[in-house]
Each structure stands twice: as structure tokens, then as C-alpha cells.
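This report concerns only the one structure given below.
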Amino acid sequence: MGQTVCRIVVDGQTIEEILSFDYSSDVMAIAEEAHFSVENKGKRYRDKLKLGQRVEFILQNPEVNGGAPTVKHRGVIVRRNPKINPSEGSVINITSADLGWHIQNSDAPLWLRLQGKTYADICDPAISPFFDKSWGFTGLDFTGNPRRRLKLGLAAAAAASQRVIDPVHVIQIEPGEKPAEKITEYARRLNLLLNVSPDGKVCLFRPNDMQAPLYSLRLHDGDEFNNVLDADLVEDARSLWTEVIVVGEQFGYEGPNDPNNPNATKKRGKVVHEGALPFMHRRTAADGEMFLNGLAQKQAEWMYKRGIFDAWVATYNVNEHHQNGYWWESDTTVSIDDDELGLLGIFYVQAVHCSGSKQSADTTTVTVRKPGLLSASFGKYPNPPLFYANGISGIPSGAP
């Protein structure tokens, strides 16, 4: 197999002397980074590769896309670290972050009024005051039902129910709030995650773990068809809940009330799964937007599922940055047959980390999670396949 060629273009200039590189693709990350080291022989790049310069991170392999180059990352230089020592000589280490870096690191316009704004007003770089033209965003990308809901006002349902709120109440940006925080907050109401594509578009999307797997991983003792360098599985009880309760407030309630019950207007959702752990592990949460029992119930179910998602992660290291003619990428699925860790079935690829250098072979770290669990908020997914490497038993109660 031919080694992957990495080409870095900075403000239109191709940087040839790449000693090593890596980049990450993570469905959970708003801003993703690429790193590369440049040989600085003869001080060639001493006064170049400056902070803020635009970067294109290009990979090319004869077995992917017919050998055509693929832009895996577009961003700007956010960290520059020149080094010199007798063993390596003069080297400049560069960190490039994609455009999501701007909305995570720049504060939003102070006291910007959000009342009366639509989702498009907030999320679309072409019209949203959260985005500055100098950042270089190119548009908004989303699919499915959310497109029809972009014209809804922010928190339309909550506003309709909160008639007792003083009309002078203002929803606005306060000091220190980041655009990414507010976009994520409102995108979550449409059950969408936030990311940025290599072509500079704001991506609001739902995870796609229902697709056919593009890749396969096999790990059996002494099997000639193994394609895994090493594997690691972590299970963590901290987010496995045997009971989840979400409490919301019904604003503007004017029906029968019990003056002796301070919780009469509160709405509660509950999921109980005693088999998740051999001991009680409860989580309770208050959410002012859960103003109906049905909403509180859905939020409880989401917290329960998200806890399972966070509690289990498997990591595989493999050769190459591609398989079956596809680059390894996040928000895909992989078929795993692993007799060592006891995993069998289709799993969700949350993240990949690709690295290579002139001295070592191309390798990719693949981070996988259980499917059917990740969503921004309320979503319906089928039950995940069997997992031999966890002890959860029984069926949770409280779900519809």
C-alpha cells in the first residue's frame, strides 16, 4: 500500500518540508485541530507560518478517491512553536484549528437581543451577528425536518407558556458568552449537534448510526485476518444511572392547586433501571424548559441514554488512514468482530485521529461507542446490539 501523502497549503503556498502530521475528526467537537511539524532548515520558514494564516490540510492516497486529493481540514494557525536542538535541528510545530475555533474562543456581541430572532438569525453565518466576516464561514448545512423549523422563533413553545413573565424581561447576550454556547443551546431544541465542515459551513446535524458500516475491525487470537494493532476498552460507572429524575416547572399554570404542596406545579419525568448497576446510582436534574410531564419524561430518557453513551468507549489503533477505499472518518459505523474484548456487531465511530511522519507508518486511532444513544436532545433510535463486555441487565422502566 502506498503511504498517504500529506500536503499543507498556507495562504496559497505549499509547505513541502513536513516532518510529521496528525488531524482529528470528532462528532462531539465543535472545533477540530490539525498539527504538523515543518523542517526549518536554513531558516526558510522563520518569518513565515504566522498566527492567523489560513491552512488547508490535504491527504492523498492512491487507494482513496481514485488517488484524487482530499481536503480534510481547513482552518487558521492558532499556535506556533519554533524549536531548535542538536538532534532534530530547527523545527516549527504548528497547530491549525478549523473555523469552529472562532465561535468557541470569541465572545458574542455584548447585549445582543435574542428575542424575536429565528433559528436562521442565530445559526446562519450570512445573517447572524454571531459570525464575523473575517472568519471565513461559507454557509449553513443541515438536512431533514429541521429545515422547515428554522423560521420558528427561539423558545417559541416556552414563551407561549410563560404568560406570567414580566414583559420587560430581556433575552440577551451577557458578558463572556460564546457564540458556540448559544448556537448549541438553540440547536439542541431541534435535536441537532453543531460542527464545522472542511469547506467552512456551519453543520447542524443528527448523528447517523443507522448507515451500513464502511469499515471492519477484526481481533482474534492468532488469526491471520486480524487488522488491529491494539485495542482498549473503558467502562465507567460514573454516568450509569439506575434512576434518572427530571423536574420542570409549569409556568403560568392557573388550574387547581394545593397550597400545602410546594411541588404542585412541577412536572416530573423518571426512568428506573435497577439492572444498570448492582447498587443505587441516582441522578436528579431541574430543567425550566420541561414544562409538561411528557417533556420531562423525554429529558429523563435522554439523560439515561447519554449516560450509557458516555460510560463506554472502545479505542482501536489500525494501520493506514483508510479502509475499503474510504478515509477513516467520524459519524460513520464500523463492523467489529473482537473476541478479545468481547465485542460483536455494528458500532458508531465517534472520532478518528490520523497521524504519520517520515520515520513511521501511517496509523489511525478509531474511537467507537455503542450505537443508538447519541443525540443532541430527544431522539428515537433502535436498541443497540448485544455487548458482551458490560454487566447491564434488565429493561429500564419509565420509557414509553
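The values are calculated or read from the model by the stated rules, or taken from the named source; none is laboratory data. For clarity, every value in this text was computed on a predicted model and none was experimentally measured. In this analysis, Cβ positions are derived from the backbone assuming ideal geometry, glycine residues included, and neighbour counts consider all displayed protein chains. Ligands, DNA and RNA are stripped out before the accessible areas are found, and what is left, the full protein with its side chains, is counted by its heavy atoms. Shrake-Rupley method; radii C 1.70, N 1.55, O 1.52, S 1.80 Å.
Of note:
- Among the criteria (1) closer than 25 Å to residue 32 by Cβ; (2) under 26 Å from the mean Cα position of the chain (by Cα); (3) open to solvent by 40 Å² or more (accessible area, probe 1.4 Å); (4) at pLDDT below 90, the one residue 358 does not fulfil is (2).
- The stretch 275-329 - residue that is under 20 Å from the mean Cα position of the chain (by Cα) and aromatic (Phe, Trp, Tyr) and, of those, nearest to residue 64 (Cα to Cα): 327
- Taken over the stretch 267-294, the criterion of being crowded, with 19+ Cβ neighbours inside 10 Å, at pLDDT below 90 and not in a loop (DSSP other than H, G, I, E, B) is satisfied by 267, 269.
- Residue tally, condition of a type outside the set (D, E, K, R) and touching a helix residue (DSSP H, G or I) at 6+ places or on another chain (Cβ under 6 Å), over the stretch 203-239: 2
- If you go through the stretch 237-249 and keep only what is open to solvent by less than 50 Å² (accessible area, probe 1.4 Å) and not in a helix (DSSP H, G or I), you end up with 240, 241, 242, 243, 244, 245, 246, 247, 248.
- Residue list for the stretch 222-236, filter: out of contact with any Lys or Arg (no Cβ under 9 Å at 6 or more places or on another chain) and either modelled with pLDDT of 95 or more or open to solvent by less than 60 Å² (accessible area, probe 1.4 Å) (or both): 223, 229, 230, 231, 232, 233, 234, 235, 236
- Residue match in the stretch 305-319 (condition: more than 21 Å from residue 189 (Cβ to Cβ), open to solvent by 20 Å² or more (accessible area, probe 1.4 Å) and either in contact with a Pro (Cβ under 9 Å, 6 or more places away or on another chain) or free of Cβ contacts under 8 Å to residues at least 60 places away in the same chain (or both)): yes
- Meeting the requirement of 1 or more residues that are open to solvent by 70 Å² or more (accessible area, probe 1.4 Å) and over 24 Å from residue 27 (Cβ atoms), the strands (runs of 3 or more DSSP E) wholly within the stretch 52-140 are 54-60, 70-85.
- Scanning the stretch 3-28 for residues that are small (Gly, Ala, Ser) and touching a strand residue (DSSP E or B) at 6+ places or on another chain (Cβ under 7 Å) yields 20, 24, 25.
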